[in-house]
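Below is one structure, written out as structure tokens; comments come after it.
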Amino acid sequence: MKISHHVDFLLATIIIIVTVILSFLTYNRTMILSFLISPFRFSHWLTIVGTVYIAVATPIFVILKHSPNANWLRLTRFHLFGNLIFFGLISIHFAAQLGRTGANQPDLGTG
């Protein structure tokens, strides 16, 4: 087994652990992400960026992997690490929404 496989596994594990820690801190309100940036709160921007990346990058990955000159290792890393990072951003937003107090819950259908 190549050394790069060990590094990839270690990096993926670190990304997952950091996501879990940040989600936990956000859920417990130790880390507050509710400040406004333009019309949305920061935690919503995390989800917007993460969703757009996954919605655009996944079809690009599928198209590129079928090309005759596809570099499988690079494409796999692009797909793996990109999706882990941006799914992590979405998870942090989800934790921020779950950690809201009962008096702070949105009305159904409004977010």
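The values are calculated or read from the model by the stated rules, or taken from the named source; none is laboratory data. Keep in mind that this is a model prediction, so the values were computed, not measured. Please note: Cβ atoms are built from the backbone with ideal geometry, for glycine as well, and neighbour counts cover all protein chains shown.
Pick out the one residue from LEU84, LEU89, LEU75, LEU64 that is at pLDDT below 90, aliphatic (A, V, I, L, M), under 20 Å from PHE9 (Cα atoms) and surrounded by 14 or more Cβ atoms within 10 Å (Cβ to Cβ).
Step by step, each of LEU84, LEU89, LEU75, LEU64 is checked, and only LEU75 is at pLDDT below 90, aliphatic (A, V, I, L, M), under 20 Å from PHE9 (Cα atoms) and surrounded by 14 or more Cβ atoms within 10 Å (Cβ to Cβ).
Among the residues of the range 24-47, how many are without any contact (Cβ under 8 Å) to a residue 60 or more places away in the chain and exposed (fewer than 14 other Cβ atoms within 10 Å of the Cβ)?
Qualifying residue count for the region: 8.
Go through the range 34-77 and report how many residues are of a type outside the set (D, E, K, R), part of a helix (DSSP H, G or I) and closer than 19 Å to LEU89 by Cβ.
19
For PHE9, all conditions in the list (1) more than 14 Å from LEU98 (Cβ to Cβ); (2) outside any helix (DSSP H, G or I) hold save one; what is the number of the exception?
Going through (1) more than 14 Å from LEU98 (Cβ to Cβ); (2) outside any helix (DSSP H, G or I) one by one, PHE9 breaks only (2).
Within the range 1-20, is even one residue surrounded by 11 or more Cβ atoms within 10 Å (Cβ to Cβ) and modelled with pLDDT under 90?
Yes, the range 1-20 contains at least one residue that is surrounded by 11 or more Cβ atoms within 10 Å (Cβ to Cβ) and modelled with pLDDT under 90.
Please enumerate the residues belonging to the range 48-63 that are without any contact (Cβ under 8 Å) to a residue 40 or more places away in the chain and in contact with a helix residue (DSSP H, G or I) (Cβ under 6 Å, 6 or more places away or on another chain).
TYR53, ILE54, ALA57, PHE61
Just to be sure, is SER4 part of a helix (DSSP H, G or I) and among the hydroxyl-bearing types (Ser, Thr, Tyr)?
In short, yes.
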